[in-house]
1. With a 10 Å Cβ neighbour count serving as the proxy for reagent exposure, in which order, fewest first, do 291, 129 appear?
2. Taking only Cα atoms, what is the 0 to 90° angle, nearest 10, from helix 228-239's long axis to the longest principal axis of the chain?
3. Computed FRET efficiency, Cβ-Cβ of residue 121 and residue 43, R0 35 Å: what is it to the nearest 0.05?
4. Using a basic spin-label model with each label point 7 Å from the Cα along Cα→Cβ, how many nm lie between residue 21 and residue 34?
5. Largest first and in whole Å, give the semi-axes of the chain's equivalent ellipsoid, each being the square root of 5 times a Cα gyration tensor eigenvalue.
6. What is the angle, in °, between the Cα long axis of helix 198-211 and the longest principal axis of the Cα atoms in the chain? Nearest 10 is fine, range 0 to 90.
7. Give me 277, 114 ranked fewest to most by other Cβ atoms within 10 Å of their Cβ, as a rough exposure proxy.
8. Given region 208-303, report the % of alpha carbon pairs whose separation exceeds 17 Å.
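Read-outs: derived from the displayed coordinates by stated rules, not from any lab. Worth saying up front: this structure is predicted, and the values here are computed from it rather than measured. Cβ: placed from backbone, ideal geometry, glycine included. Neighbour counts: every protein chain shown.
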């Protein structure tokens with residue numbers, strides 16, 4: 001299968017293209033610049049020049065492929081609503097090229113589009129008040145496309161997709177701890193975050209492409225819910241810093257943009273995903289990954305972009 005991948009040089013996309021090639025697929029990767037086009041060519045991927053804002057380029061890339069996996073997203077949390085609208089328009093453009101074809105179209109979302117405070121399942125309804133509400137319109141677009149002859153599926157990722165090269169929530173927390181001199185959590189820190197290793201996540205995207213049924217929702221979850229206090233404790237242990245609680249009213253000042261997410265209780269299950277796709281995450285857990293120490297070594301060497 002020839003697969004068009006957006007975000008092909010990103011943290012998830014770069015591992016995903018290797019997963020797809022290893023399974024015998026050909027990959028067409030979206031490239032925003034000549035530099036990224038060369039990066040793709042170096043790993044055996046055809047480059048398609050364009051961007052999330054170039055909707056014609058997205059339509060053309062999708063039309064030239066047997067299936068699409070959309071992993072690109074603008075993670076600018078200072079303009080989160082704008083990023084969500086950009087993603088919605090990109091999903092519309094990609095999907096429009098697939099209408100009536102029964103070709104697979106897999107998009108990326110997050111567990112935090114669902115109601116917090118309980119173990120979320122793949123069948124739970126979207127929560128317009130959820131922490132990741134700007135991602136909800138993209139899910140609604142693919143729900144509509146599923147009725148128009150597109151084999152759509154959504155992969156909802158855990159807040160932490162961890163592993164070598166991570167520059168998301170966990171490296172951000174490590175950076176804040178270094179800056180502030182304490183490793184902190186909000187309130188009692190008993191709120192839970194699910195997590196999944198990057199290599200398990202990219203296998204899930206491939207299986208969704210190959211085996212997903214129209215309109216399916218899949219959960220990229222291995223650890224169903226890790227208390228945030230436990231994450232803070234390991235960070236404090238590695239950095240030799242005190243571990244402290246911050247009251248909710250101080251979260252924004254201490255943590256910045258991540259404060260709104262750090263107090264969310266969003267445990268989730270992937271039982272239905274595993275049953276439907278035969279996906280069984282087996283790579284190391286988040287806490288075990290932190291204990292290996294590479295997060296802290298990379299930060300010291302200035303390699304993380306969080």
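1. Ordered by Cβ neighbours within 10 Å, fewest first: 129, 291.
2. Between helix and principal axis, roughly 70 degrees.
3. 0.45
4. Label at residue 21, label at residue 34, 2.3 nm between them.
5. 32, 21, 18
6. 30
7. 277, 114
8. 66
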